[in-house]
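Step one of this worksheet: look at the structure below.
The values are calculated or read from the model by the stated rules, or taken from the named source; none is laboratory data. Note that the coordinates shown come from a computational prediction; the quantities given were computed from them, not determined experimentally. Virtual Cβ from ideal backbone geometry, glycine too; neighbours counted across all protein chains shown. When the accessible area is computed, the model is the full protein with side chains, heavy atoms only, and any ligands, DNA or RNA have been set aside. Shrake-Rupley method; radii C 1.70, N 1.55, O 1.52, S 1.80 Å.
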Amino acid sequence: MHQEDVSEAFSKALKKMEHYCAYQERCPKEVLGKLGSTQLTQEAIDHIMVHLTREGYLDEARFAKSYVLGKFRIKKWGKKRLVNELRQRDIATYHIKAALREIPEKDYLETFGEQAQKRWDSLREPVWAKKKRKFITFLLYRGWENDLVHGKWNELRDTHNSSKG
């Protein structure tokens, strides 16, 4: 490649990545993955990453907060799932913890309660052992903590049994 071709490829990639990051919050791993499919040198990729960070297109803390609040509000994920998803994206533990603190505890517990009740009401399983497994598996998969899930199971089971008695 000639110098002007390299320069043009760099400029094109830079503009493309600016647009990519401006469209939606991105984590560095996503951007690096996108850049890895280009013909750019590692040095050029490094320059683009520095530029995106310096100019505010790429911000790991902002990404973590946006991701946590979005997935919590829309998909109703618990903290364990949120942490695992962010770790897969190589987000620093510091940013993960800060992002999780953005979820008000009251909202977190209310959302958990709503999800647990919704699942409980949807289960038409007559066998208690199967009902318990389905209830617990559903909530654990979505990242809710063991103690919350098992505590809610016991509460709903006891409420159900006492209302029958």
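Measuring nothing but how far apart in sequence close Cα pairs (under 8 Å, 6+ apart) lie, relative to its length, the chain scores a relative contact order of 20 percent. Apply the a/c threshold of 1.5 to the C-alpha gyration tensor of the range 54-108 and tell me whether it is rounded, prolate or oblate. Prolate shape, in that a/c is at least 1.5 and a/b is the bigger ratio. Cross-link pairs exceeding 30 Å between alpha carbons, from the set Lys12/Lys97; Lys34/Lys118; Lys76/Lys131; Lys80/Lys130: Lys12/Lys97; Lys34/Lys118. Computed over protein heavy atoms with a 1.4 Å probe, the accessible surface of the chain works out to 64 Å² per residue. The sum of -39500 (n - 2.57) across all DSSP H runs of n ≥ 4, divided by the residue count of the chain, sets its helix-only mean residue ellipticity at 222 nm to -24000 deg cm²/dmol.
Dipole magnitude for the chain: computed about the Cα centre from +1 point charges on Lys and Arg Cβ and -1 point charges on Asp and Glu Cβ, it is near 1300 debye.
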